[in-house]
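Report on the following structure.
Derivation of every value follows stated rules applied to the coordinates shown; laboratory data play no part. Owing to the predicted nature of the structure, the values given are computational and were not obtained by experimental measurement. Note that each Cβ is placed from the backbone with ideal geometry, even for glycine, and that neighbours are counted across all protein chains shown.
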Amino acid sequence: MAELNTGGGGGDGKKVRSKKSNPGVDLTAMVDLAFLLITFFMLTTTLSKPQSMPLAMPDKDVEKPKEDIMKIPEDRMMTILVGKDNRLLWYMGQLASPRMQPTEAAFGKNGIRKEILKNTAYAKKFAAKPDEGLIVNIKASDAASYKNLVDILDEMAINKVQLYAIGDITPEEVTLLKDKGLY
């Protein structure tokens, strides 16, 4: 930075100039405004709430007597086996003697959603009361991803299935998945 020398002597014909000071900008007001805006937007925006699906799980400690265990009609029972590679297998009834044979399906409206709707109409024919419908047992294999389990739970909510449960997969069902190439 250059300085202007305004020292003594004056007879050499040069003009004496006054010293110029650099202009300074006071940013105090700008900082105050920034903090006011930050505070305003923090207080007026809503924080996103985590979205979760309610899932009722039974108590593991309570042992029920055999007479309290409810028998589920096989005509209303659909079992969905979640396999690998975004694929799944479903059947109606029990695996030993299924009412509808195990069928492979994909996720989405043309896959499992269509099958759930079709089986809901089928199950209503066998319901004792008009408000009873399909009962779905979801069983995820070790090869299934967490995303696929969440997707099938979303399908239960989309199709408004009243009764569904997440169960443990049996060795026979694992064998069935292996035979179909889903394990």
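At-a-glance table
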| quantity | calculated |
| --- | --- |
| Cross-chain or 6+ apart pairs with Cβ under 7 Å, the range 93-119 first and more than 11 Å from Thr79 (Cα to Cα) and in contact (Cβ under 8 Å) with a residue 60 or more places away in the chain, then among the charged types (D, E, K, R) and not in a strand (DSSP E or B) | Glu104/Lys180 |
| Filtered residues of the range 82-109 (kept if assigned to a loop (DSSP other than H, G, I, E, B) and on the phi < 0 side of the Ramachandran plot) | Gly83, Lys84, Gln94, Leu95, Ala96, Ser97, Phe107, Lys109 |
| The range 146-183 - residue that is aromatic (Phe, Trp, Tyr) and closer than 30 Å to Glu132 by Cα and, of those, surrounded by the fewest Cβ atoms within 10 Å (Cβ to Cβ) | Tyr146 |
| Residues of the range 145-181 satisfying the condition of being more than 16 Å from Gln94 (Cβ to Cβ) and among the charged types (D, E, K, R) | Lys147, Asp151, Asp154, Glu155, Lys160, Lys178, Asp179, Lys180 |
| Residue count, the range 119-137 (criterion: out of contact with any Pro (no Cβ under 9 Å at 6 or more places or on another chain) and loosely packed, with under 13 Cβ neighbours inside 10 Å) | 5 |
